[in-house]
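Encoded as structure tokens, the structure appears first; notes follow it.
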Amino acid sequence: MFKRLSSVIVFWLCCIFIGVGNAQSPAQLRDLELSYLRAVVSTDLLDYSHVEIPSLDNIRIVTEGASSYLGLRNYYGQPLKNSGVRAEISVDYPYVEGETITYSWRFMIPQDFVSDAPQNRWWLFADWHDQPDVTKGETWSGFPSHSPPIALGYGVLNGADSLAFVYGAPNPATVGVVSVSRGVWHSVTCRIVWSRGAAGKADVFIDGSLTPMMSGRGPNMYNSYQHYLKLGSYRNPDIKGDTWLYVRDVSIRRGG
């Protein structure tokens, strides 16, 4: 509850900063946040989901007929959010170590997307992050900082936009790369067995592939508490350019 309330308050402060939240209560601003989330996550995930943006300049809803999706923007010099250049949604889906959880979504890279080639500095489109174990009374104060044990990074390889699958705790490493195209919707399904031991594994399916296109094996948790999904665009602050990434149809379920 504390984390959820804190997220609402942060979103409220963001809105006040840009002149949106004046005279609105935290409940009204949670309604505003939900208006964005409904465009991208399934209804059963709303209670676990939040928007992580520095301002409303970093987000927009796109409507096409009866459907809609979310645009998430990064630009050089934008205000920081949680000490980083990011525009993401977070989904803190509950599970216990040993469970299999399947995460699915669709994303689109627009034709005018500005990559960081040839430098290809780090840029994440999705990652799963550890957090304090609230069942043990832990808080973010003094909590150690880790690289995400599972992530999908973006870069350009041999002239093609590509996703790199990063896996492992405590030493995440790239274990696979797949090319993607601009201007089309790609589907991603990531099936994860969460574990601090050898039982841990993750398989990534792209565009309905029947067999995994990228896989990782071994430990994928820093602690035994649920790791939460962050989805959108999070990049090195030195990257130039103004970019949008589009996301839709986020769903999470137990089992494979």
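The values are calculated or read from the model by the stated rules, or taken from the named source; none is laboratory data. Computed from a predicted model, the values in this text were never measured in an experiment. Neighbour counts are summed over all protein chains in view; Cβ atoms, including those assigned to glycine, are modelled from backbone coordinates with ideal geometry.
Quick look at the numbers
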read-out: Which listed residue is in a loop (DSSP other than H, G, I, E, B), among the aromatic types (Phe, Trp, Tyr) and either touching a helix residue (DSSP H, G or I) at 6+ places or on another chain (Cβ under 9 Å) or on the phi < 0 side of the Ramachandran plot (or both), from 143, 165; value: 143
read-out: Subset of segment 96-132 [of a type in the set (S, T, N, Q) and out of contact with any Phe, Trp or Tyr (no Cβ under 7 Å at 6 or more places or on another chain)]; value: 100, 102, 104, 111, 115, 119, 120
read-out: Selection count, segment 173-194, where residues are crowded, with 19+ Cβ neighbours inside 10 Å and in a loop (DSSP other than H, G, I, E, B); value: 1
read-out: Matching entry among 127, 112 (being of a type in the set (Asp, Glu) and crowded, with 21+ Cβ neighbours inside 10 Å); value: 127
read-out: Those strands (runs of 3 or more DSSP E) lying entirely in segment 1-114 with at least 1 residues farther than 14 Å from residue 248 by Cβ and modelled with pLDDT of 95 or more; value: 49-52, 67-75, 85-91, 100-108
read-out: Residue check, residue 224 surrounded by fewer than 18 Cβ atoms within 10 Å (Cβ to Cβ), polar (S, T, N, Q), farther than 21 Å from residue 250 by Cα and touching a residue at least 24 places away in the same chain (Cβ under 8 Å); value: yes
read-out: Of all residues making up segment 195-208, the number that are farther than 15 Å from residue 96 by Cα, of a type in the set (A, V, I, L, M) and assigned to a loop (DSSP other than H, G, I, E, B); value: 1
read-out: Checklist (1) under 29 Å from residue 115 (Cα atoms); (2) touching a residue at least 12 places away in the same chain (Cβ under 8 Å); (3) of a type outside the set (A, V, I, L, M, F, W, C); (4) surrounded by fewer than 20 Cβ atoms within 10 Å (Cβ to Cβ) applied to residue 201, failing item; value: (1)
read-out: Condition check for residue 234: crowded, with 21+ Cβ neighbours inside 10 Å, under 20 Å from residue 130 (Cβ atoms) and out of contact with any Asp or Glu (no Cβ under 9 Å at 6 or more places or on another chain); value: no
read-out: Residue match in segment 217-229 (condition: more than 22 Å from residue 83 (Cβ to Cβ) and part of a strand (DSSP E or B)); value: yes
